[in-house]
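One structure, pasted below without further comment.
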Amino acid sequence: MFDDTIAAIATPVGEGGLAVIRLSGPQTLAVADRSFAPMGQLPLKPSQAATHTIHYGKIVRGDRVVDEVLLAVMRAPHTYTREDVVEITCHGGILPAKLVLDTILENGARLALPGEFTRRAFLNGRIDLAQAEAVADLIYARTELSLQAAGEQLAGKLSRRINQLRDDLMQTLAHVEAHIDFPEEDIAPDTRGQLVSRLERGVAFMDELLRTANEGQILRRGVRAAIVGRPNAGKSSLLNQLLGHDRAIVSATPGTTRDTIEETANVRGLPVVFIDTAGLREACDEIEAEGVRRSRESLARAEFILHVLDASEPLTPADEKYLAEFAGKKRILVRNKIDLPNKLGLPLTPSDGERVATGWVRGERAGFPSAIPIVDVCCLTGQGIEALKDAIREIVWSGEINAEMLQVMINSRHQDALNRARAAALRGVEALRADASLELVALDLRIAASAAGEIVGQTATADLLDLIFSQFCIGK
Ligand SMILES: Nc1nc2c(ncn2[C@@H]2O[C@H](COP(=O)(O)OP(=O)(O)OP(=O)(O)O)[C@@H](O)[C@H]2O)c(=O)[nH]1
Ligand SMILES: [Mg+2]
C-alpha cells in the first residue's frame, strides 16, 4: 500500500457540462475534509460519510468558494484502486476543474502521473497487468468490436488462459525438479514421454493464442489505408463517401488535394485510418511536388491501398506504370465514375467473369501475380461503397469475427512474451527427447513460466510497468 495520496482531473481538458476530480490514497478523506464544506439538510464531512455515498457542498479555498460540487466517498477496499477514493464532480470547463484540483493539491494530495490510479489498482492486486492494459484499450477503442474485445480482456478472459498456461508449466517444472532432487529414483522413459506431451500441449495452446496477434493489432491500432491514383480520379470523393461526411475538398480541377488527409472510419467493426493523398503525376509546382512526395510516404506506410481509377477516361501509360509499381502492395482497385460511359477498357478483365455475392470481382492479368479485388463505385451517389467496405473487411481480416475470438486477442507485448515462452518450452521438449540433464529442462521451463507470467504481471519489472502506464492518460 502507498503512503501518499494522488489526485487528478479525470475528465478530458476543455469545456463540458461537468468535470470530475479524482483522489486516491490514505489521506483522501482528510484532504477532502479540508477542501469541502458540506451543505444541505444533513451536512457530513467526507470522513464522517458512509462508503459509496454522494454529498452536496462547496469546495472552499481560504474564505473563497471555488465551486459548488457533488462529492462521492468510496472507502477501501471496494474501489477502483482498493484505496480510499473520492470523486468530486464540479462544473465543466478548464478553470473550475483546475481550481478544484489546485485546492486539493494545496491540502495535501500530489498530482497523479499518467495511469497512476490504474497502476495502483494493479499493484494493490485488484487487476492484473493484462487487465490494466485492457483499461487503456477500452479508453482508446474506436469501434464496438474493439470495445468488446477490450471488455473481455478486462473481465479476465485472457488472464485466465495465461494463468492456466503458467500453472501448467509450473506443475511440469515441479515434476522435473522432483526428479532432480531425488536422483536415485531414476526417471522412467514413460515419465519423460508424459512430460514431453504435456509440454507439447502447452506449445499448441501458445500457438493458438499467438494466432490472435494480428487481429488484436487491428482492433487496437486499426489499419492504415492509402487512397491513391491519378489527379481527378475521385480519391477525395471516395474518402468522403467512406467517412459518410464531406471531409476533403472535391473539385473538377486536377491537383485539388495537396496535403495528405487522415481520418478514421469504422468499416464493419474494424478501425480503418483512410489517407487521402495528392494525385500522382509529374508535379507542376513545388507545393504539388511535396504533396506527391507525401503521397508516396503514406503509400509506403499503409497496410493496404485503394487504387482509384477513373472509368470515364482511357487507361493512361501513367496508370499502367502505377498499377505495376504497386504490385507488391495489398490493394483494391476502385473503378470510379461508373455512372459515366466506360472508357477505361481496363485490361484487368475479371477471370471467368467471376462475380462474388458481395458484388465485387477478382481480376487477373498477365504481369499481375495475384488476383486483385476490383470494386466498381460511383462516388457521386455512393453506389458500390457497401461492396467496397466488404472488400476492405475481407482484405484486412481473413475469416469470420466471432464472439469467442474476441475473448482473447493478444497485443504485441503479449506476443513477444509468448514467443519467448514458446521457444523455451520447445527447447525443454528437445532436451527431454535427447535425454539431456533435467537441470537444463528445468531451466527452460523456468524461463517459459516466467515469460508467461510477464503477461499478467506476475513477473513484471518496474521499467515494463513505467512503459505500460505511461501510455495512459492522467486521471486514469
Ligand atoms: N460523374 C462522376 N464524377 C465524379 C465521381 N467521383 C468524383 N467525381 C468528380 O470528379 C472530380 C474530381 O474528384 P475529386 O474527388 O476531387 O478527385 P481527386 O482524385 O481527389 O483529385 P485530386 O485531389 O485533384 O487528385 C470532381 O469534379 C468530382 O465531382 C463519380 O463517381 N462520377
Ligand atoms: Mg483530392
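The values are calculated or read from the model by the stated rules, or taken from the named source; none is laboratory data. Since the structure is predicted, the reported quantities are computational estimates derived from the model, not experimental observations. So basically every Cβ, Gly included, is an ideal-geometry build from the backbone, and we count neighbours across all protein chains shown. Please note that ligands, DNA and RNA were not included when accessible areas were found on the heavy atoms of the full protein model with its side chains. Shrake-Rupley method; radii C 1.70, N 1.55, O 1.52, S 1.80 Å.
For region 430-453: of the residues being out of contact with any Lys or Arg (no Cβ under 8 Å at 6 or more places or on another chain) and of a type in the set (Asp, Glu), which is modelled with the lowest pLDDT?
439
Answer yes or no: is there a residue in region 395-405 that is surrounded by fewer than 18 Cβ atoms within 10 Å (Cβ to Cβ), farther than 20 Å from residue 238 by Cβ and modelled with pLDDT of 95 or more.
no
Okay, next question. Please tell me if residue 143 is open to solvent by less than 40 Å² (accessible area, probe 1.4 Å) and free of Cβ contacts under 8 Å to residues at least 24 places away in the same chain.
No; evaluated as a whole, the condition is false for this residue.
If you don't mind, there's one more thing I want to ask. Among the listed residues 196, 176, identify the single one that is at pLDDT 90 or above, over 28 Å from residue 130 (Cα atoms) and surrounded by fewer than 21 Cβ atoms within 10 Å (Cβ to Cβ).
Answer to the check: 196.
Do we find that residue 427 is in contact with a helix residue (DSSP H, G or I) (Cβ under 7 Å, 6 or more places away or on another chain), over 30 Å from residue 232 (Cα atoms) and modelled with pLDDT of 95 or more in this structure?
Yes: the conditions hold for residue 427.
Could you identify the single residue in 421, 436 that is of a type in the set (A, V, I, L, M, F, W, C) and either free of Cβ contacts under 8 Å to residues at least 12 places away in the same chain or touching a Pro at 6+ places or on another chain (Cβ under 6 Å) (or both)?
Of 421, 436, the one residue that is of a type in the set (A, V, I, L, M, F, W, C) and either free of Cβ contacts under 8 Å to residues at least 12 places away in the same chain or touching a Pro at 6+ places or on another chain (Cβ under 6 Å) (or both) is 436.
Among 385, 392, 410, which is surrounded by 16 or more Cβ atoms within 10 Å (Cβ to Cβ) and over 30 Å from residue 339 (Cα atoms)?
Matching residue, one of 385, 392, 410: 410.
Same structure, new question: State which residue pairs qualify: first residue touching a residue at least 24 places away in the same chain (Cβ under 8 Å) and inside region 227-238, second residue of a type in the set (Lys, Arg) and more than 6 Å from ligand 1 (Cβ to nearest atom) in any location, beta carbons under 8 Å apart, and separation of 6 or more residues or different chains.
Short answer, once both residue conditions are applied: 230/281; 231/281.
In addition: Can you tell me which residue is nearest to residue 427 (Cα to Cα) among those in region 449-476 that are part of a helix (DSSP H, G or I) and open to solvent by 70 Å² or more (accessible area, probe 1.4 Å)?
In this case the residue turns out to be 463.
Something else: Looking at region 75-107, which of the residues that are among the charged types (D, E, K, R) and under 29 Å from the mean Cα position of the chain (by Cα) is most open to solvent (accessible area, probe 1.4 Å)?
82
Inspect all residues belonging to region 223-233 and state whether any of them is on the phi > 0 side of the Ramachandran plot, within 7 Å of ligand 1 (Cβ to nearest atom), modelled with pLDDT of 90 or more and out of contact with any Lys or Arg (no Cβ under 9 Å at 6 or more places or on another chain).
Among the residues of region 223-233, at least one is on the phi > 0 side of the Ramachandran plot, within 7 Å of ligand 1 (Cβ to nearest atom), modelled with pLDDT of 90 or more and out of contact with any Lys or Arg (no Cβ under 9 Å at 6 or more places or on another chain), which makes the answer yes.
Quick one: is residue 162 open to solvent by 60 Å² or more (accessible area, probe 1.4 Å), among the β-branched types (Val, Ile, Thr) and under 19 Å from residue 216 (Cα atoms)?
So residue 162 does not fit the description; no.
May I ask you to list the residues in region 15-34 that are part of a strand (DSSP E or B) and surrounded by fewer than 24 Cβ atoms within 10 Å (Cβ to Cβ)?
Selection gives 18, 20.
Out of the residues in region 283-315 that are more than 12 Å from ligand 1 (Cβ to nearest atom), open to solvent by 20 Å² or more (accessible area, probe 1.4 Å) and not in a helix (DSSP H, G or I), which is nearest to residue 218 (Cα to Cα)?
Here the residue is 303.
Can I ask one more? What's the number of the only condition in (1) buried (at least 19 other Cβ atoms within 10 Å of the Cβ); (2) closer than 22 Å to residue 209 by Cα that residue 446 fails to meet?
(1)
All but one of (1) touching a residue at least 40 places away in the same chain (Cβ under 8 Å); (2) farther than 18 Å from residue 396 by Cβ; (3) away from ligand 1 (no atom under 14 Å from the Cβ) hold for residue 320; state the number of the condition that does not hold.
Of (1) touching a residue at least 40 places away in the same chain (Cβ under 8 Å); (2) farther than 18 Å from residue 396 by Cβ; (3) away from ligand 1 (no atom under 14 Å from the Cβ), only one is false for residue 320: (1).
Give all pairs with beta carbons closer than 8 Å in which a residue from region 246-265 that is within 7 Å of ligand 1 (Cβ to nearest atom) meets a residue that is open to solvent by 60 Å² or more (accessible area, probe 1.4 Å) and part of a loop (DSSP other than H, G, I, E, B); count only pairs at least 6 apart in sequence or on separate chains.
Once the first residue is within 7 Å of ligand 1 (Cβ to nearest atom) and sits in region 246-265, its partners that are open to solvent by 60 Å² or more (accessible area, probe 1.4 Å) and part of a loop (DSSP other than H, G, I, E, B) give 254/281; 255/281; 255/284; 256/249; 256/250; 257/249.
Report the residue count in region 406-424 for those that are modelled with pLDDT of 95 or more and in contact with a helix residue (DSSP H, G or I) (Cβ under 6 Å, 6 or more places away or on another chain).
Within region 406-424, residues that are modelled with pLDDT of 95 or more and in contact with a helix residue (DSSP H, G or I) (Cβ under 6 Å, 6 or more places away or on another chain) number 8.
Being within 10 Å of ligand 2 (Cβ to nearest atom) and assigned to a loop (DSSP other than H, G, I, E, B) is the filter here, so list the residues in region 266-282 that pass it.
277, 278, 279
Looking at 95, 154, 138, 129, which is the one that is touching a residue at least 40 places away in the same chain (Cβ under 8 Å) and hydrophobic (A, V, I, L, M, F, W, C)?
Testing whether each residue is touching a residue at least 40 places away in the same chain (Cβ under 8 Å) and hydrophobic (A, V, I, L, M, F, W, C) leaves just 129.
Any residue in region 50-77 that's more than 15 Å from residue 102 (Cα to Cα) and free of Cβ contacts under 8 Å to residues at least 12 places away in the same chain: show its pairings with residues that are surrounded by 18 or more Cβ atoms within 10 Å (Cβ to Cβ) and among the aromatic types (Phe, Trp, Tyr) at Cβ separation under 8 Å, as long as the two are six or more apart or on different chains.
Filtered contacts from region 50-77: no entries.
For region 163-265, list the helices (runs of 4 or more DSSP H) that sit wholly inside it and hold at least 1 residues that are within 11 Å of ligand 2 (Cβ to nearest atom), closer than 21 Å to residue 382 by Cα and polar (S, T, N, Q); which are they?
Counting at least 1 such residues, we get 235-243.
In region 35-49, how many residues are open to solvent by less than 60 Å² (accessible area, probe 1.4 Å) and outside any helix (DSSP H, G or I)?
Final tally of qualifying residues: 7.
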